[in-house]
1. Below 8 Å between Cα atoms, with a sequence gap of 6+, how large is the relative contact order for the stretch 1-147 in percent?
2. Using the alpha-carbon centroid of each, what span in Å lies between the stretch 212-226 and the stretch 349-364?
3. Magnitude of the Cβ-charge dipole of the chain, K/R +1 and D/E -1, about the Cα centre, nearest 20 debye?
4. Per residue of the stretch 270-279, what does 6.51 cos²θ - 1.76 cosθ + 1.60 with θ = phi - 60° give for ³J(HN,Hα)? Whole Hz please, x for Gly and Pro, Karplus curve as stated.
5. Answer with one residue from 156, 131, 146: the one whose Cα lies farthest towards the positive end of the charge dipole of the stretch 78-164, charges on Cβ with Lys, Arg +1 and Asp, Glu -1.
6. If each residue of separation counts as 0.36 nm, what is the full-extension length gain between residue 21 and residue 227 once their alpha-carbon separation is subtracted?
7. Would you work out which of 70, 43, 54 lies farthest towards the positive end of the dipole of the stretch 38-85, given +1 charges on the beta-carbon of Lys and Arg and -1 on that of Asp and Glu, about the Cα centre?
8. How large is ³J(HN,Hα), in whole Hz, for each residue of the stretch 258-266 in order, when computed from phi with the Karplus curve 6.51 cos²θ - 1.76 cosθ + 1.60 and θ = phi - 60°, using x for Gly and Pro?
Amino acid sequence: MNDVLAAALHRAAAHQRRFETRFAAYFDSLTAPAAGGTLDAPPHGRFPARALALVRELSLRGGKRLRVALLHEAAALVTDRPVPGLDAAALGIELLHTHGLIHDDLIDGSPERRGGPSTHQAYREEFPDRPDTALALTVLAGDLAAFLAVRVLLTGDLPPDRALAMAAVTADAGADAVNGQLLDLERDFPPEPDTAFLHTVTEYKSTRYSVLAPLRLGLLAAGADPAPHEAELRAYATALGTANQLHDDWLDLFGDPAALGKPLGTDLRSGRRSYLVRALLAAADPAELRTLHAALGTPDHDQDALAPVRRIARAHGIDRALQEQAARHAHRAATLAAAWHERWRPEAAAFFTHLPAWSTTRDH
């Protein structure tokens, strides 16, 4: 790892540490009667408090907090002074991420997330004889996280016009992510999706809220208008987001489940036509296709059954091809950010230039 990349990761880690403390304090404020901005919780019933507790638990259970680092570094592109509103923006974008994780795990039937039970799994264990109730409560917990994501920006100390602009970015990112999830479901229906379709899923389901929205929010919080830079921000976000997704697909079959905090092969078992699964189906011979179809869409397929799938992927060079594709997109993102040194603060521009290299080498 070169010194500049190490410095960028050190900056990201510092943002993460500060945010973890702030995130826990935010949830404390929602339930502390004396705290300003406390939620008006219902005086009766235990379901609302349990939903908030599960949102908190999943939110604080870990994650890379890449969105938080992107927010702070986007603001640092234009100023080295403290920026009011960054904490609220970070809380909002991570709450939106929690919303996505809760619904994504429900849709995929994933029992684990971040080394613990998914929200749906937690509810299933609490209501083993009432699966419809567990499902409904999971949806509502995810909805709660989404509304909190916008609320935190509108109830803070930001000037009203800036708060509205930042809340609009968060709301737009949430709508894009829902459209991406809809496309994510559609791609598993015939005909087999082409690469352009998969890129569109990635763009809407993750890139716009994980990369583009933090860039916009950071600039807005710092008092800069992102509109004149929209084309290049989108291009950077798309390149970095695609590199991230390609690497995520690779990790889903070849990663370390302990580092990932969930079992391997979730895409395969759920029948999801990811970049990796699509490449496998396109390259396999008839005998290999029988092996793949035995695992495809089979939720109870155990981890040992993934070994033949890995052998097929390696035999056709799919593992290397996926890594090479991710590296190409990461290189494009780095090249785009390199041009930012000419007009924005060099230290922050260096962060965006070197971040893509990490995105294709991480283990979680």
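The values are calculated or read from the model by the stated rules, or taken from the named source; none is laboratory data. Keep in mind that what you see is a predicted model, and the values were worked out from it rather than measured. Virtual Cβ from ideal backbone geometry, glycine too; neighbours counted across all protein chains shown. Ligands, DNA and RNA are excluded from the accessible area calculation, which covers all protein heavy atoms including side chains. Shrake-Rupley method; radii C 1.70, N 1.55, O 1.52, S 1.80 Å.
1. Normalised by residue count, the contact order of the stretch 1-147 is 23 percent.
2. Here the two parts' Cα centres lie 20 Å apart.
3. 580 debye
4. Computed from phi, the couplings for the stretch 270-279 are 7, x, 6, 7, 6, 4, 5, 5, 4, 5 Hz.
5. Most positive-ward Cα: 156.
6. 71.0 nm
7. 54
8. 5, 5, 6, x, 7, x, 7, x, 5
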